């Protein structure tokens with residue numbers, strides 16, 4: 001890390017050392033000294049499963065009485081008499097169909113994508129202090145009007161993750177380090193995520209280390225994204241043009257705050273370097289710094305996820321000065337966790353300068369979860385203002401139905417409308433309409449069994465003047481997929 005990032009890190013560290021009350025127990029048991037699992041930057045687990053499979057703890061399967069079928073036996077395979085050396089195997093098969101009218105918001109024939117994902121992982125634990133994880137994945141696609149599918153949709157074979165991890169405990173402090181190819185989600189989901197919507201998920205290469213106790217944590221990292229080819233494992237390399245590094249400090253806030261709550265506060269200081277940054281048709285070096293915070297958790301029946309960050313640095317000869325504010329909140333109508341929820345989220349990402357000579361005010365998310373704004377990936381938090389009321393409820397056991405209606409505008413009418421891959425909708429920078437779109441979305445997520453799930457989605461994007469003035473059209477999107485995992 002350079003001196004500017006180190007100064008930011010020094011400012012963030014003290015917050016993570018504040019004395020606070022312990023959090024409630026997690027779904028998966030953890031050691032008394034452990035920071036709450038769902039908030040430690042590895043991703044939350046549900047029913048024992050996690051998006052990042054290495055975040056799962058299957059030591060419960062050491063007891064034969066806990067195993068329900070032969071697949072449970074694969075979650076804990078002892079390799080020594082004491083069972084201190086053991087192997088956990090995991091896998092996933094996902095079959096998916098996407099149907100899009102007016103793909104790329106142009107008036108053309110519909111596109112249909114028939115997609116499959118096959119993933120297998122192995123997690124070797126060598127005693128309590130050392131582990132080795134490996135994961136391979138394959139993505140296939142067929143259908144209609146596919147164009148040239150990217151390597152994140154069609155890929156013969158990927159060494160998706162492989163890393164070594166060492167950890168120890170000093171008193172009530174957990175210390176650990178991981179090196180290799182890995183998923184990274186330690187931050188707001190709209191900034192960093194695995195991008196599970198893709199067939200081949202987003203991974204990075206390098207180092208991550210942490211110091212944690214039950215109330216506070218500090219994580220540091222220095223990573224380069226994986227540049228995927230679409231053939232065998234030999235063409236998937238660490239991207240020499242991009243580097244992402246930084247520090248995150250987190251704390252569990254006192255439970256008596258606001259009359260009773262379970263809240264977590266993170267502060268982060270990051271740097272992203274890109275030798276081939278692109279804005280306004282120009283390509284050149286960019287260094288972008290992030291200083292931000294995230295507050296998330298529950299206050300009674302109110303669930304919140306609030307984050308804000310300031311971005312600065314330079315792109316070629318332009319100074320960067322950008323902001324992002326993400327405010328999501330839902331209210332549970334009833335005491336049960338399955339009770340209906342009503343909510344709204346407000347999202348702001350500054351824009352301007354992408355096609356100008358002044359400051360570059362376009363905000364940028366390193367690798368965030370863009371389906372939050374559009375299932376079709378037609379919106380991203382750059383030059384965007386969005387207001388989205390929503391409602392969710394449980395129509396039947398183990399299912400959740402969500403409906404939302406998003407209103408989206410440009411922050412600056414002198415800059416383009418940007419899609420999820422960071423590219424502009426060509427020509428939108430030449431017109432002055434502010435309203436981008438109205439987006440209606442429906443989703444049903446159903447955990448049929450602990451291992452089998454179904455997700456269905458529908459989206460209607462009604463293009464408004466910021467798009468239609470440049471010749472773009474409205475679009476409908478249908479998607480459904482089944483996943484089996486063990």
Would you check which residues across region 224-237 are under 20 Å from the mean Cα position of the chain (by Cα) and without any contact (Cβ under 8 Å) to a residue 40 or more places away in the chain and list them?
224, 227
Just one of (1) touching a residue at least 24 places away in the same chain (Cβ under 8 Å); (2) within 22 Å of residue 38 (Cβ to Cβ); (3) part of a strand (DSSP E or B) trips up residue 338, so point out which.
(3)
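Looking at 202, 179, can you tell me which residue is surrounded by fewer than 18 Cβ atoms within 10 Å (Cβ to Cβ), in contact (Cβ under 8 Å) with a residue 24 or more places away in the chain and either in contact with a strand residue (DSSP E or B) (Cβ under 6 Å, 6 or more places away or on another chain) or under 29 Å from residue 295 (Cβ atoms) (or both)? Quick ask: steps written out before the conclusion?
Details: 202 fails: surrounded by fewer than 18 Cβ atoms within 10 Å (Cβ to Cβ).
Sole residue among the options that is surrounded by fewer than 18 Cβ atoms within 10 Å (Cβ to Cβ), in contact (Cβ under 8 Å) with a residue 24 or more places away in the chain and either in contact with a strand residue (DSSP E or B) (Cβ under 6 Å, 6 or more places away or on another chain) or under 29 Å from residue 295 (Cβ atoms) (or both): 179.
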Return a yes/no flag: does region 254-268 have any residue that is surrounded by 15 or more Cβ atoms within 10 Å (Cβ to Cβ), closer than 21 Å to residue 343 by Cβ and at pLDDT below 95.
yes
Kindly evaluate residue 224 against the criterion of being at pLDDT 95 or above, touching a strand residue (DSSP E or B) at 6+ places or on another chain (Cβ under 7 Å) and either over 24 Å from residue 272 (Cα atoms) or crowded, with 21+ Cβ neighbours inside 10 Å (or both).
no
Any strands (runs of 3 or more DSSP E) falling wholly within region 219-321 and containing at least 3 residues that are under 27 Å from residue 161 (Cα atoms):
242-252, 262-279, 282-299
Could you list, in sequence order, the residues of region 30-63 that are within 24 Å of residue 87 (Cβ to Cβ), modelled with pLDDT under 90, out of contact with any helix residue (DSSP H, G or I) (no Cβ under 7 Å at 6 or more places or on another chain) and in a loop (DSSP other than H, G, I, E, B)?
31, 34, 40, 47, 48
State which residue is modelled with the lowest pLDDT when the search covers only region 423-443 and only residues that are surrounded by fewer than 17 Cβ atoms within 10 Å (Cβ to Cβ) and under 21 Å from the mean Cα position of the chain (by Cα).
423
Look at residue 139 and say whether it is under 20 Å from the mean Cα position of the chain (by Cα), in a strand (DSSP E or B) and modelled with pLDDT of 95 or more.
yes
Among the residues of region 446-463, the number that are part of a loop (DSSP other than H, G, I, E, B) and either free of Cβ contacts under 8 Å to residues at least 40 places away in the same chain or loosely packed, with under 15 Cβ neighbours inside 10 Å (or both) is 3
Here are 275, 263: which of them is without any contact (Cβ under 8 Å) to a residue 60 or more places away in the chain and farther than 30 Å from residue 299 by Cα?
275
For residue 420, the lone unmet condition from (1) assigned to a loop (DSSP other than H, G, I, E, B); (2) surrounded by 19 or more Cβ atoms within 10 Å (Cβ to Cβ); (3) touching a strand residue (DSSP E or B) at 6+ places or on another chain (Cβ under 6 Å) is (3)
Just the residues that are touching a helix residue (DSSP H, G or I) at 6+ places or on another chain (Cβ under 8 Å) and surrounded by fewer than 20 Cβ atoms within 10 Å (Cβ to Cβ), please, taken from region 344-402.
355, 377
Name the one entry in 443, 429 that is assigned to a helix (DSSP H, G or I) and out of contact with any helix residue (DSSP H, G or I) (no Cβ under 9 Å at 6 or more places or on another chain).
429
Checked region 400-414 for anything in contact with a strand residue (DSSP E or B) (Cβ under 8 Å, 6 or more places away or on another chain) and more than 21 Å from residue 329 (Cα to Cα); matches are 410, 411
All but one of (1) out of contact with any strand residue (DSSP E or B) (no Cβ under 6 Å at 6 or more places or on another chain); (2) within 30 Å of residue 482 (Cβ to Cβ); (3) touching a residue at least 24 places away in the same chain (Cβ under 8 Å) hold for residue 397, so report the exception by its number.
(3)
Answer with yes or no whether residue 386 is at pLDDT 95 or above, within 22 Å of residue 277 (Cβ to Cβ) and more than 17 Å from the chain's Cα centre (by Cα).
no
Go through region 231-244 and count every residue that is crowded, with 19+ Cβ neighbours inside 10 Å and under 23 Å from residue 312 (Cβ atoms).
3
When residues of region 74-108 are limited to those that are part of a strand (DSSP E or B) and without any contact (Cβ under 8 Å) to a residue 24 or more places away in the chain, the one surrounded by the most Cβ atoms within 10 Å (Cβ to Cβ)
77
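The values are calculated or read from the model by the stated rules, or taken from the named source; none is laboratory data. Not measured: the values here are computed from a predicted model. Positions of Cβ are generated from backbone atoms using ideal geometry, with glycine treated the same way; all protein chains shown enter the neighbour counts.
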